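See below for the structure under consideration.
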Amino acid sequence: MIQENPKKNPEEEKLGCLSQEKRRRLSTKKNYLWVVAVSLCCLVMIVAGGCFGGAIQENSKTATDESMVSDQTNGEMASAVETVEPAANASAPFDASKIIYTGNISLNTDDYQSTFEKIRNYAQELGGFVQDAGSNYASEQAGVQANSGYLTIRVPSAKFSEAMTEIQTLGSPISANVSSTNISQQYQDVQARLNNLKIEEGRLVEYLKQAINITDLLAIESELNRVRTEIDSLTTTIKNWDTEMAYSTIYISLYEKKLSSSVVSSPFSGIFSKIVEGFVTSINLVLYIFAFLIVLIFRLIPFAAIAGLGFFIGMMIRKKMKEKKRRLKKSESIKPEDTKIEDKK
């Protein structure tokens, strides 16, 4: 037998139609939102592009105006600098004379003061000078056991090796070393930059004489001040290098050390003065401790008073607590007797 398909309920068909209509409305609404979002993004991009393009055009216009003004006064100056610049980059031969020498010597000496004066006089004999010096003399109070000191001398570079050898003969050498720095390349670069800046300075002075507009005058003066500042800085650098190359530097450290074979030192020398000094030091220490204890006692008096007051209050409270407990015990012992008397009655 063939079974017939059951008929759908009218309510179910109605619900199905409503759900399809709701889905269609939701999809239409979503599509509308997407269209609105895409339209807004395109509008924002167009506005941003227009603003960015306007800003670029404005900046380019301003830069063009400024370049037109500056080209009138600085065009020839730029061409002059370009023609001179290759000279700064040109390779120059190695100059072995552009070397700075530095030496370090440490000496032990039997007579510190005599050796110190000999080194000072020797530097002056060579045509040099003492740049820096200092001494530390033996002192028991300062804890210095022997005389010591240092000298920094400058001698002509041509006599640097001679000075290093001669100074070491004035005592017992502990250490000696020599270092050198070749600045030929740096010197050539700085000199080339200085020459270029001087040429640029001359050009700017000529432009300053010919300028009529106030804006051009101010611009040229500002550039001229900058160039002259760089010229002064480079000139100072070259002068310092010339001084370093002309006069080498030697750092000398001196230590007084008497040899036991030549000098006999008795351990009993000055023993009485040492005993007196030790006794006085002990007395001073005892007095210091006694004074410290007195000061400590007076400092602790306020704390002792507070502690005593607290102890007194605590004892009073404890006494009252004991008295109260005693009364309670006494009252408890009386109550049973009263109850017995009442029972008898």
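The values are calculated or read from the model by the stated rules, or taken from the named source; none is laboratory data. Quick caveat, the model's predicted, so the values are computed rather than measured. Note: ideal-geometry Cβ built from the backbone for every residue, glycine included; neighbour counts use all protein chains shown. Keep in mind that these areas ignore ligands, DNA and RNA; they rest on the heavy atoms of the full protein, side chains included. Shrake-Rupley method; radii C 1.70, N 1.55, O 1.52, S 1.80 Å.
Distance between the modelled labels on LEU296 and ASN104, one decimal in nanometres: 4.9 nm (7 Å Cα→Cβ projection). In this structure the amide hydrogen of ASN136, modeled in the peptide plane, comes within under 5 Å of the amide hydrogens of SER148, GLY149, none closer than 5 places in sequence on its chain.
With Cβ to Cβ distances under 11 Å as the rule, what net charge do the other residues near GLY171 carry (K, R +1; D, E -1)? Working shown, then result.
Working: positive: LYS118, LYS257; negative: ASP110, ASP111, GLU256.
It works out to a net charge of -1.
Once the chain from ILE313 to LEU285 is taken as fully extended at 0.36 nm per residue, the excess over their C-alpha distance is 5.9 nm. A simple rule links phi to the HN-Hα coupling: the Karplus curve 6.51 cos²θ - 1.76 cosθ + 1.60 with θ = phi - 60°, which for region 188-200 gives 5, 5, 5, 5, 5, 4, 5, 5, 5, 5, 5, 5, 5 Hz, with x for Gly and Pro.
Set the Förster radius R0 to 41 Å, insert the Cβ-Cβ distance between SER273 and LYS159 as r into 1/(1 + (r/R0)^6), and round the FRET efficiency to 0.05. Write out the running numbers ahead of the final one.
Working: r = 49 Å, r/R0 = 1.19.
E(calc), rounded to 0.05, equals 0.25.
Both radii are taken from the alpha-carbon atoms of region 167-263; with Rh as the Kirkwood radius, Rg/Rh is 1.40.
Show me 162-173, 302-313 ranked by packing, highest mean number of other Cβ atoms within 10 Å first. Walk me through the numbers on the way to the answer.
On the way: 162-173: 15.9, 302-313: 9.9.
Averaged packing, sorted descending, gives the order 162-173, 302-313.
For the residue pairs LYS209/LYS239; LYS118/LYS159; LYS198/LYS239, the C-alpha atoms sit more than 25 angstrom apart in LYS209/LYS239. In this view, the solvent-accessible surface of THR281, computed with a 1.4 Å probe and all protein chains in place, comes to about 80 Å².
Net charge within 14 Å of LYS159 by Cβ-Cβ distance, Lys/Arg positive one each and Asp/Glu negative one each, not counting LYS159 itself?
Numbers: positive: ARG154; negative: GLU125, GLU162, GLU166.
Here the count lands on -2.
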